[in-house]
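Read the figures in this text as sums done on the coordinates, not as results from a lab. These figures come from a predicted structure and were not determined experimentally. Note: ideal-geometry Cβ built from the backbone for every residue, glycine included; neighbour counts use all protein chains shown.
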Amino acid sequence: MFGLLVLVVYLIIAARVFYAMWLDLDEFISVDFDSASLNEQLQLQQLQDAIAIAFKFKSCYKPDQLKTLSMTVANKTDARTIYVNWERCNLTDFQGMAQRIIRIVPGLSDLSQGQTYSLMAPTQGLAAQLTVESAMKATDKGLVVASPLFSKSSLLGAAKGEKRFTVRLVIEVAAPTVGHRVGSVHALLCHFIVRKTPKRKTMYWGG
């Protein structure tokens, strides 16, 4: 009789553990970059032969793991210089609220100061880690990324409806000149779709 009681208790505990694990799997989300939309904008602004922009994501995330965006920008031209104006870039969330984008660089210590432009000479590229101002926290070692891009409830709710957030990049393409910089300024909208990750995929996810 005692052995049967132990078995029942064991089965109850095991069932609760597996149920908690199943609920945990339901919280994974995936992020997809809408590259087709960006390519259309590049063509409309006649930039398809000048700039290449890409974002890299893991196969899935827990809500508190999505703290930064990994982006690369390449200057495909042979003579023009390309600048990214970080102070004019922003991220718009699922509710339509915009936040200042911060490019994470070594020694970052004061968000009240303007961010410097990133410059790409002809045929060169740039890799950048981006976050939002609200995710940053001051420490003894300077500013660090301490919070995710979105709250847990906001991100999970958006994933159920496959909603989008947007990064607005402001790019300047400058002609080769002597003296004052002369170029054209372009705003590019990078759209991202968040979705719930299928459980069969998260079961094999390694983190």
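Observations
- Each residue of region 137-143 is assigned a 3J(HN,Hα), and the resulting list reads 9, 7, 10, 5, 9, x, 7 Hz, derived from the Karplus form 6.51 cos²θ - 1.76 cosθ + 1.60 (θ = phi - 60°), x at Gly and Pro.
- Pairs spanning more than 22 Å between alpha-carbon atoms, out of Lys67/Lys152; Lys137/Lys196; Lys67/Lys137; Lys67/Lys196; Lys58/Lys141: Lys137/Lys196; Lys58/Lys141.
- Contact order for region 119-166, expressed relative to its length and based on alpha carbon pairs under 8 Å spaced 6+ residues apart, stands at 21 percent.
- Taking label positions 7 Å along the Cα-Cβ direction at both Gln124 and Lys137, the computed distance is 3.5 nm, reported to one decimal.
- Proximity of backbone amide H atoms, modeled 1.01 Å from N, is registered between Lys67 and Leu149 at under 5 Å, excluding neighbours fewer than 5 places apart on the same chain.
- The H on the amide N of Ile102, modeled in the peptide plane, is under 5 Å from the matching H of Thr131, Val132, Glu133, each at least 5 residues off or on a different chain.
- Amide H contacts under 5 Å for Phe28, placed H, 5+ residues apart: Thr197
- FRET E, pair Asn39, Arg100, Förster distance 41 Å, beta-carbon r, rounded to 0.05: 0.95
- Using the Karplus relation 6.51 cos²θ - 1.76 cosθ + 1.60 with θ = phi - 60°, the per-residue 3J(HN,Hα) values for region 64-69 come to 7, 8, 7, 10, 9, 10 Hz, with x marking Gly and Pro.
- Coupling constants for region 152-162 follow from the phi torsions by the Karplus curve (6.51 cos²θ - 1.76 cosθ + 1.60, θ = phi - 60°), and in residue order they are 4, 5, 5, 5, 5, x, 5, 5, 5, x, 6 Hz; glycine and proline get x.
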